[in-house]
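Reviewing the structure listed below.
Read-outs: derived from the displayed coordinates by stated rules, not from any lab. These numbers were taken from a predicted model, which means no experiment stands behind them. Cβ placement follows ideal geometry from the backbone for every residue including glycine, while neighbour counts extend to all protein chains displayed.
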Amino acid sequence: MLDWLFGAMRYRLLEHTADAMVEAYGKSLGEKFANAAYAMFDQITDIKKVEPRGELKVVLSGPSREQLLVDFLQELLFLHDTEDLLFCEFDVRTDGGTLEASVRGEKYDSSRHPKRSLVKGVTYHRLEIDDRNDKVTILFDV
């Protein structure tokens, strides 16, 4: 729907005073969630320098699509914070109530992964899943 405008763009950073707000694009809900995760890790480091050396499975359920998106991103952020993992590839399947994802990445290596921002959390502030325009808007607390 928005191919003429955004092409293969996964996300764009929106102006926000203190935090990182992004629009993530995708034709399916799973693709929107995957690109939101991509955007979050691209705020943390230059995601193009992260290699898909290992894979983890994430399985979640939630009462709403919004809750599921926040829970998914918070789970990935928890793995980053506690296990020092960076992710670069996201295969997400979701019906809006359950989610199954395969995420690929590697351990943080300071010699190859420059720090950009410290993402402290995922917020509900201004969270929107817009199916008509094939995007989600999400705010990361940095």
| query | So how much slack lies between residue 93 and residue 57, counting 0.36 nm per residue of separation and subtracting their Cα-Cα distance, in nm? | reply | 11.8 nm
| note | Ranked by GNM mean-square fluctuation in the chain (Cα springs under 10 Å), the top entry among 77, 99, 60 is 60
| remark: Contour minus Cα-Cα span, residue 46 to residue 82, at 0.36 nm per residue, comes to 11.0 nm
| field | Cβ-based charge dipole, the chain, positive-most Cα from 113, 70, 125 | value | 113
| Residue-span extension gain [residue 64 to residue 124] - 0.36 nm each, minus C-alpha spacing | 20.4 nm
| remark: Binned at 10 Å from zero, the C-alpha pair distances of region 17-108 give percents of 17, 53, 28, 2
| Does region 88-142 come out rounded, prolate or oblate by the C-alpha gyration tensor, with a ≥ b ≥ c the root eigenvalues, rounded set by a/c under 1.5 and, if not, prolate when a/b is larger than b/c and oblate if not? | oblate
| said: Set the bar at 21 Å for Cα to Cα. Now go through 27/49; 49/107; 49/135; 32/57; 57/107; 48/115 and name every pair that lies beyond it. | reply: 27/49; 49/135
| said: Using a 7 Å offset from Cα along Cα-Cβ at residue 108, what residues in region 42-56 end up with backbone N under 11 Å from the label point? | reply: 44-45
| task | Among the trypsin sites (Lys or Arg not before Pro) in region 90-142, which ones are in a DSSP loop with at most 10 other Cβ atoms within 10 Å of the Cβ? Mind listing them? | result | 132
